[in-house]
Structures are given as structure tokens and as C-alpha cells.
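A.B. asks: Structure provided below as C-alpha cells; questions to follow.
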Amino acid sequence: MPKGLLDNIKHGDTVLEARGITKRFPGVVANDRIDFEMKAGEIHAILGENGAGKTTLMNILFGLYQPDEGQIFIGGQEVKLRSPLDAIDLGIGMVHQNRKLVSAHTVLENIILGHPRAGAILNIKETSREIEELCARYGFEIDLKAKVWQLSEGEKQVVEILKALYRGAKILILDEPTSALAPPETEKLLNSIQAMAQDDLAIVPFITHKLPIVLAISDRVTVLRRGRVTARLETKHATEQGLAKEMVGREVLFQIERVQVEPGEPILEVQNLSALSNKGFMALKGVSFTVREGEIFGIAGVSGNGQQELAEVLAGLRRAEGGKVLLDGVDITYAPTLERWQRGMGYIPSERVDVGSIGDFSLTENVAMNYYFDPKFVHYGILDYGGLRQLTEELIAEYDVMAPGPDTVAKNLSGGNLQKMILARVLSRKPRLVVANLPTQGLDVGAIEFVRTRLMEAKKEGAAILLISEDLDEVLSLSDWVAPIYEGEFMDIIPGEKADREYVGALMAGSRQVEGKA
Amino acid sequence: MRIGRYELKKQRRVTLSGWEAVSISLLAILFSLLLFSLIFLLAGVNPLEAYREIFSYAFLNPFGLPLTINRFIFLLLCTYAFIIPFRAGLWNIGMTGQLYVGALSTYAVLLAFGAKESRSIELNPMLVIPLMLLAAALGGAAIGAIAGFLKGRFNTNEIVVTMMLNFISFWVVSQMIKEGGIFMNPGGRGESFEMPPSVYAPLFGKIPFTILIALGLALLLTFLFAKTKLGYQIRAYGHSPAAARYAGISPVKIPFLVFILGGALAGWAGYHYFAAVPGVYKISRNYGYFGDLAFYGIICGLISQGNSLAAIPVALLFGGLSIGGRFLQGKVHMSFGVDYALLGVLMITLVAFQFFYRYKIVLIKTEEEQADVGVSH
């Protein structure tokens, strides 16, 4: 493998060019004659919904897949990337969305792991000095001696970036770099990305839905839809609406109108609730709140601050360590899960593949997960599969699920369609309370809009909704009440119309400095 | 693998039709018979002749066929004892222990009616036979329940627990029927006391009524899993315990229940062999042989992929081969247990052929040798 193709590049030189990349999988053309070009010092965002072919393209550029057709040029020379190792040797670095780090090792150890220079003998001192230089240059703040399991998602991402830079990456591919970050962390990362671009690194962030970020930092944008390039333009000529339209193929609503409904009776009352995490420490430390009929109560927080535990305690999937949960005035703190569903709770879990659905079950059988106990569908212990199948057919039509029919198995559905199916199943029971845990995470623009609209409709019909989200904009735009959560505690509870983005963002990152501003 | 301009490649199957599954199993059976021919050849026996003897004795001979069918009933009950927990994603390796305890419970009923003292005692079969069936089911269920309870409550590995219970049950039976045990045959001999003829199981020819139970269960289990709420709950738990829990299905109740049901069916296998098959009517000295045979319920369950109707031909084949193999061994004076050796080879082949449930081998024409990767100008 030739090295050093990118050693003498200048700002504005073309570092990477892909021509006519085509990749077919059985039944789909994932990439259809894609042309793509990167210049040194450029941030070139690639936009596209799930299934648009971004991941395939990224895997081709990183040597994980070989294209069926097309050529790749690095520094003007045609190359064939047999494996990620080839790509790394040529100066391509990649930061995956699911981190590939060794959690029991320190940051430093992870960075040098697999580095050619880290042979039998480690020169720790020199290496850490070099890495610290990199950090200082690009504004990364990280303790090299910390163990990876102690880090937040954002910090882990920094480790991955450092690892790629330390291997000498000149082209950095970032997969959804901001999806798991709190606003202040996002800001820092974007600053670092810009600093790297000034050093003539070419940076390719892949993004599904955070369009404002694309507009803020990128120089150029390429939009993919169904495996094809639908638009390629300089960011200064782009608008949010225009990009979304290219991605989805139709106009998209960004702001779901927050409907004001006269709040009614309290449906969910939570008093001083606490719970342990899987690792055995107190993850939820005494939260109290009330959600009324026709209200959306939004909990905003970075992942791992107790939201997951809260959702699971409410669903009866995790034991409460203290406190009380009342549903319609009835104490359900220790009630079994089934009883909660029968009392009118609906839960949309964040793990839609592992918990919210059964991959090998048909859609009918998946819908049955919320109906197998319903007297309308059970007679003398026998399930009315015919009735369930008909219900599933209706839900597929009503919720616009792209599926061949009720007998399709769930694992054949895309993430967005699976989520629609789960939403359909839960909301069709007309629950009094909906606990929606990260309902739009990982979905594309079109599906996000759909999920938000449906939640808003459920609210209009008088359901109480607890919305847990890592997307601050989502919480702010939908909620009647906003509670930033940090380390298992609510930092504040603010009426939706008064919630200020900066203030809530700072609170969910744990900062109390801005207190009193709202 | 490459052969000239062609390449053999394995491809993941997206779907597997019932017909494909059947043909894969048939191929596996043929392959294993072919494989076992080598052993016959080594032993100086003509394989074709040997197989003719095995199959004609097992399935055509008036003495062999009833033996085959009795084995078949036994194996089918053991298979169902495996399948019910299997559909919940759990492995019952304890049919052996469950059937031992089932058999002991059966004889406990007879003991209670005073049958140990006198074989000629006149008992009312309409009362005692149902009681024996009930006791066998309860005994098997009780021993199965231990594993199910530990699994549900403490997430203990059910394979280890059922396996260990097999050993315990084996020695409990031994203790009970040997010298000084309460089920001891008055004549000693290391067997249990014999059953009074007044409560022998009703026969159709030489086949006890338990065949109706076994075949009835085939339909009942099919119905259970395809139509009922309980079957749905078991299947959901089997596919994804986390998703089942989310759906409100108790992760404690399901393991408990499936092991109770499975254990009860294994208990009936114990009743069938030691209290219903003509000519046995006691817990015989070689009861361990049938304990070992029970393990083939696992294989039948795996081959039939948990389908209770598909288990019928599989159990019949295994029953037949074990009878035919034993017969051949005596007839040609082979020096080892043909029955278990044959079943063993069949089992390994069938398990290995499961590879083809997930992959298929395809022959594709390759393009010319690809240019080596690197820079080309």
C-alpha cells in the first residue's frame, strides 16, 4: 500500500475523490453512481435519511465494503481499499457512532492501541506529550489517564478523534458526531472541528437530521436520497427548508405547532422517586413531578443521567428504591408491568429493537404485545389472531408504515417504520399516560415529524405525555413543562413557553452558573 | 473455495421453507447412514444387508414393530418435554430425571394401594390408572419445577440444574428399588416390585393407550403455540425475554410453567415405559438405559425445530433405529452397541446439517482474477 499520498497537500487541494460509486445489495442499490469530492481544509457534510446510502458510502470510503463499480482517488492516485487498515494507512480516519474503545483501559492506552509505533515498548512520556499537543491545538479537554468507562459519550468521541489524528489521519469521517452530546459539548466539538479544518484536514460529518449544525459549520453539503446524490451545493447557498426537501423529497414541517390544551386532572404523580442503575449506584435521586391530562412534560438530558432508569421504574421494569408513583391517584409504585398497561399506561421504550419489538415475530404478533391481555382479543385463553391481524392492517394504513403486510416479520422493517409500528400499537390503546423514551432518536426527518405530530395529537385527545429526549430542541418545541435532568436530579422545572434554550442547555450539562436567569 | 472459473460460496439464507427443511433433514439421514456404512464395512458386515435387517425388523416385523412403536411413544413424550421449555428459549436436559421420578410416583400409587404385598390384588383400573397418570405427571413436574423456579427467580442456568437433578434422581431410584428400599422387589434382584395385572394399561394389540396421549399432545401443543394466549406468552419470552417483560409477561412465571409442563410430560414417559409397555410392568434393573434414551428427545426436538407435528416422524425413525440396531447387533454378533452408535452418528450429522438451515452453498462463475489491490495507473 503506498503511503504518503497526502503528505504534501495544500489548502484547497483535492484529497479524496470518488467517481461513480455503485454498490448493490440483494434487492437494493445502496449507492447509485455517487460522485463525491473532498478538499483539504474543507468540512463537507453528507446529509441523508436512514437508508439513503450514507453508511454504505462511508463504509466504502473506509475500506469496509468494496464498491461494485466506480473509482476512488486519494491525492490524485487511484486506490483500492481492501480493508480499513488500507484506509488508515492512506490517512483516512473514521469515528463510528457506536464507539469501538476498550472501556477498562485509559484514554492514552486506547489512543495508542494498534498504533504501529506502539510496539513492544511504550514510550509513554513522549506519546502523552504528543497527544497533549494535539489536544491543545484543537481545543480538546480530556484526561489521558482516565479510564474510558468513566467518560461521557462526548469524551469518548474525542478519544476516537484523537486516535484517528494520532494515526495521522488527513481525512476524518465522523458519523453523526453530535447525536449524543449536550449543547455545550456540541459547541466545543464544532469549534474543534473548525480548528482542524483550518489545519487543512478534510472533514466529512454524516448527519441525518441536525440541519442547523450543517448550516453552521460546513463549507459544502452533499445530499443523498435513496442511494443517489440529489443535491450538492455550497453551504452559503443552502437553507434548512431546502436541504430537508432534498433529503425527504417533500416539504417538511420543522416546528410542530404546540397546541395549548386546558390541562385537566393529574394523571401521573411522581414523588421523590429514586432508583439504582445496573451498575448499582443511585442513578435517579428523588425526582418529583406531576403530569396532567393534555400536557406534555419534557425531560431533557444527556444520556446516562437517570432518564432511562426513570422510564423503566415507571414501566415497572426496574424496582423503585424509594418514593411513590401514582397513576390516576392509585399507587402503582410496585405494581407489575401488566397491571400498569391495564390501568392505561403506554410505554414507548428507547430500545425499539431489543425491547420494543420481537424481530422474528410478525407485525401482527408484535401488535399483540400490547393486546394479548385485552379481553376484546382473548376468549377463554385463545387469542383472536384474526382480529389482531385486521387491527394490524388498520394500524399499518393509519400510521403509514412501509411494510408489505401484517405477516412481515418485524426485523425487516427500517428503524423509522418499526418506531411507527410501536407508536401505533401503544397509542391505539388510547392510553391515559404515554411514557415516550427517546421516541425520535436515530429516526430520519420524515419519521421524526410523524412521531412528534402523533404525540401532539394524543395530547389533544387528553393523554398525559412524559417525553424523555436527548434532543433539546425537541423537548423545547413540544413540552408544556421542561425539566432538565442531570445526574439523576431535576435541575429545574420550567413552563414550556418560558424555557430558554441556553439556560436549559446549561442546566442539562450540570452547570448552575446561569441560575436565576429564567 | 475456487474450482477453475467457478467459486463455491456460502450464502446466508433469508427464508427457509418447510419443504427445504424437510429435504435437508432427509439428506442428513441418508448421509449419516452412508457414514455408518463405513463402520459396518470395518466390522465385516455388508452395509446394505445390515440396513435391510435394521429397517425390516424395526418397521415390518410383527415382533419388531410394536417395540418400535413403544420406543416411539416414549421418545415422543420426551421430545415434548424438551420442546415446551425450548419454545420459551430454555433447555430441558432433565427428561431423564423427570421420567425416573415420574416412574417412582407411579409405583408410589401402587404402593399406597398395597400392591407391593400381593401381585394378585384386584385394583379398580378406572380409579388407579388415572391416579398413576396424575402421580407420574406431578412427580415429573415437581422435579422440573425446581429448575424452572431457580431459573425464573435467580436466573440460574437451567441446563446445569436439570443435568444435576438427573444424577440425583438416578440414585434416588436406585436407593428405592434396591436391597432395603421401599419399592424393593420382594425377591430382591435390584428391581422394583411388580405391578398387579389388574391395573395393566389397556392395549390396542401390543400398543398401550399412551399412544393416544402422545399423538393427542402433538395436536394439543400445536394448538397451544399457534392459538392460545399462554402459547403466545411462551413464544414471546423465548424470542426475547426483555421484550416479553416489556409486554408484561412475567419472567418468573414462564420458566416455572414451562418446566412444570415439560416435567409432567417426561413423567408420563416414565409411566409409559415402566407401567404400560407390555412385558415390563416394573422399574427394571436397567432403568438407566431408558434414561439415556430420553436424551434423544433433545435431538428429536432440535431436528423438528420445536414443531410438535414434525417431531412425530423424527421420533419414529429414532425409535425404529434403536430397536433395529439392537436386533442387528445380536444377529450378526457385533461387539458394540449398534443402536446407540447409530443414533449417535445420526445425531451428529443432523446437528451438523443444521448449518444448511442458515446457509446455502452456491456455485458462481467468477470473473477473471481481480487485479491486486493497490495503486494502478
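A.B. asks: Can you divide the C-alpha Rg of the range A:44-183 by 2.2 N^0.38 Å and report the result to two decimal places? Present the calculation step by step, with values, prior to reporting the outcome.
C.D. replies: Numbers: Rg = 16.0 Å, N = 140, 2.2 N^0.38 = 14.4 Å.
So the range A:44-183 has a normalised radius of gyration of 1.11.
A.B. asks: Now for a different question. In the neighborhood of A:L181, defined by Cβ-to-Cβ distances under 12 Å, what is the net charge if each Lys or Arg adds +1 and each Asp or Glu adds -1? Write down the numbers at each step before the final one.
C.D. replies: Working: positive: A:K156, A:K188, A:K210; negative: A:E153, A:E155, A:E176, A:E185, A:E187, A:E470, A:D471.
Net of charged neighbours comes to -4.
A.B. asks: Here is a follow-up. Over all residues in A:376-382, what is the mean tally of Cβ atoms on other chains that come within 10 Å of each residue's Cβ?
C.D. replies: 3
A.B. asks: Residue-wise, which Karplus ³J(HN,Hα) couplings in Hz belong to the range A:361-376, taking 6.51 cos²θ - 1.76 cosθ + 1.60, θ = phi - 60°, and x for glycine or proline?
C.D. replies: The phi angles translate into 8, 5, 4, 4, 5, 5, 4, 4, 4, 9, 10, 5, 9, 7, x, 5 Hz.
A.B. asks: Just counting partner chain Cβ atoms within 10 Å, what average do the residues of peptide B:229-237 show around their Cβ? Write down the numbers at each step before the final one.
C.D. replies: Numbers: counts 11, 4, 3, 9, 4, 0, 4, 7, 1.
If you average over the peptide's residues, the count of other-chain Cβ atoms is 5.
A.B. asks: Can you work out the base-10 log of I(q)/I(0) for the range A:120-233 at q = 0.16, 0.21, 0.22 1/Å, using the Debye formula on its C-alpha atoms alone?
C.D. replies: Calculated log10 I(q)/I(0) at the listed q: -0.80, -1.27, -1.37.
A.B. asks: OK, next. Can you pull out the trypsin sites (Lys or Arg not before Pro) in the range A:137-236 whose DSSP state is coil and whose Cβ has at most 16 other Cβ atoms within 10 Å?
C.D. replies: Values: sites: A:R137, A:K145, A:K147, A:K156, A:K163, A:R167, A:K170, A:K188, A:K210, A:R220, A:R225, A:R226, A:R228, A:R232, A:K236; in loops: A:K145, A:R167, A:K170, A:K210, A:R226.
For trypsin sites (Lys or Arg not before Pro) across the range A:137-236 that sit outside H, G, I, E and B with at most 16 neighbouring Cβ atoms in 10 Å, the list reads A:K145, A:R226.
A.B. asks: Reachable lysines from B:K178, Cα under 27 Å, same-chain residues fewer than 8 places away excluded?
C.D. replies: B:K116, B:K282
A.B. asks: Cα to Cα, under 15 Å, and not fewer than 8 places away if on the same chain: which aspartates and glutamates meet these conditions relative to A:K156?
C.D. replies: A:E109, A:E141, A:D143, A:D175, A:E176, A:E185
A.B. asks: Please report the net charge: other residues with Cβ closer than 14 Å to the Cβ of B:V161, K and R +1, D and E -1.
C.D. replies: On the way: positive: B:K151, B:R153; negative: B:E158.
For residues surrounding B:V161, the net value is +1.
A.B. asks: Which FRET efficiency value, to the nearest 0.05, do you get for B:R189 and A:S303 by plugging their Cβ-Cβ distance into 1/(1 + (r/R0)^6) with R0 = 60 Å? Before the final figure, lay out the partial values.
C.D. replies: On the way: r = 70 Å, r/R0 = 1.17.
Computed FRET efficiency for B:R189 and A:S303: 0.30.
A.B. asks: Based on the alpha carbons, how large is the Rg to Rh ratio for chain A when Rh follows Kirkwood?
C.D. replies: Working: Rg = 24.4 Å, Rh = 24.7 Å.
With Rh from the inverse mean 1/r over Cα pairs, Rg/Rh is 0.99.
A.B. asks: Do any GluC sites (Glu not before Pro) in the range B:142-212 lie in a DSSP loop with no more than 15 other beta carbon atoms within 10 Å, and if so, which?
C.D. replies: Working: sites: B:E158, B:E179, B:E191, B:E194; in loops: B:E179, B:E191, B:E194.
The qualifying sites are B:E179.
A.B. asks: Compute the longest continuous run of chain A that contains no exposed GluC sites (Glu not before Pro); treat a site as exposed when its DSSP state is not H, G, I, E or B and it has at most 13 other Cβ atoms within 10 Å.
C.D. replies: Numbers: sites that count: A:E141, A:E251, A:E257, A:E461, A:E515.
By the stated rule (loop sites, at most 13 other Cβ atoms within 10 Å), A:258-460.
A.B. asks: Do the sum for chain B: with -39,500 (n - 2.57) for every DSSP H run of n ≥ 4, divided by all residues, what is the mean residue ellipticity at 222 nm, to the nearest 500 deg cm²/dmol?
C.D. replies: Details: 15 runs with 241 residues, N = 377.
After summing the helix terms and dividing by the residues of chain B, the value is -21000 deg cm²/dmol.
A.B. asks: For A:160-172, what's the mean count of beta carbons from other chains sitting within 10 Å of each residue's beta carbon?
C.D. replies: Values: counts 0, 0, 0, 0, 0, 0, 0, 0, 0, 0, 0, 0, 0.
The mean count of partner-chain Cβ atoms within 10 Å per residue comes to 0.
A.B. asks: Which ³J(HN,Hα) values, rounded to whole Hz and listed in residue order, are derived for the range A:194-206 from phi using the Karplus coefficients 6.51, -1.76 and 1.60 in 6.51 cos²θ - 1.76 cosθ + 1.60 with θ = phi - 60°, glycine and proline given as x?
C.D. replies: Using θ = phi - 60°, the values come out as 5, 5, 5, 5, 5, 8, 6, 7, 9, 10, 10, x, 9 Hz.
A.B. asks: Volume per residue, Å³, of the convex hull around the alpha-carbon atoms of chain B? Before the final figure, lay out each step's value.
C.D. replies: Working: hull volume 74.2 nm³, N = 377.
Taking only Cα atoms, chain B has a hull volume of 197 Å³ per residue.
A.B. asks: Can I ask one more? What's the center-to-center distance, using Cα atoms, between the range B:266-345 and the range B:71-137 in Å?
C.D. replies: 17
A.B. asks: May I ask which of A:K285/A:K459; A:K236/A:K498; A:K411/B:K10; A:K23/B:K365; A:K324/B:K151 have a Cα-Cα span longer than 24 Å here?
C.D. replies: On the way: A:K285/A:K459 28 Å; A:K236/A:K498 32 Å; A:K411/B:K10 22 Å; A:K23/B:K365 19 Å; A:K324/B:K151 30 Å.
Violating the 24 Å limit, Cα to Cα: A:K285/A:K459; A:K236/A:K498; A:K324/B:K151.
A.B. asks: Of the residues B:L123, B:L42, B:L60, which exhibits the maximal mean-square fluctuation in a Gaussian network model of chain B defined by a 10 Å Cα contact cut-off?
C.D. replies: B:L42
A.B. asks: Out of the DSSP beta bridges found with both residues in the protein assembly as shown, what percent are antiparallel (nearest 5)? Mind dumping the intermediate values first?
C.D. replies: Numbers: 58 of 93 bridges.
Once the DSSP bridges in the protein assembly as shown are tallied, antiparallel ones form about 60 percent.
A.B. asks: Could you give the Stokes-Einstein D for the protein assembly as shown in µm² per second, using the C-alpha Kirkwood radius, 4 °C, 1.567 mPa s? Walk me through the numbers on the way to the answer.
C.D. replies: Values: Rh = 32.0 Å.
Stokes-Einstein gives a translational diffusion coefficient of 40 µm²/s.
A.B. asks: Just in the range A:326-387: which chymotrypsin sites (Phe, Trp or Tyr not before Pro) are loop by DSSP and have at most 14 other Cβ atoms within 10 Å? Present the calculation step by step, with values, prior to reporting the outcome.
C.D. replies: Numbers: sites: A:Y334, A:W341, A:Y347, A:F361, A:Y371, A:Y372, A:F373, A:F377, A:Y380, A:Y385; in loops: A:Y334, A:F361, A:Y371, A:Y372, A:F373, A:F377, A:Y380.
Taking the range A:326-387 and a limit of 14 other Cβ atoms within 10 Å, the loop chymotrypsin sites (Phe, Trp or Tyr not before Pro) found are A:Y334, A:Y380.
A.B. asks: With both partners inside the range A:14-248, how many of the DSSP beta bridges are antiparallel, as a percent to the nearest 5? Before the final figure, lay out the partial values.
C.D. replies: On the way: 23 of 40 bridges.
Antiparallel bridges: around 60 percent, rounded to the nearest 5.
A.B. asks: Can you give the % of DSSP beta bridges in chain A that are antiparallel, to the nearest 5? It would help to have the intermediate numbers written out before the result.
C.D. replies: On the way: 45 of 80 bridges.
The antiparallel fraction comes to roughly 55 percent.
A.B. asks: Sticking with this one: How big is the range A:351-430 by Rg and Dmax over its Cα atoms, in Å?
C.D. replies: 11.6, 36
Quick note: the coordinates plus some simple rules give every number you see, no bench work behind them. Everything numeric in this text was worked out from a predicted model, so none of it was measured. We place every Cβ from the backbone using ideal geometry, glycine too, and count neighbours over all the protein chains shown.
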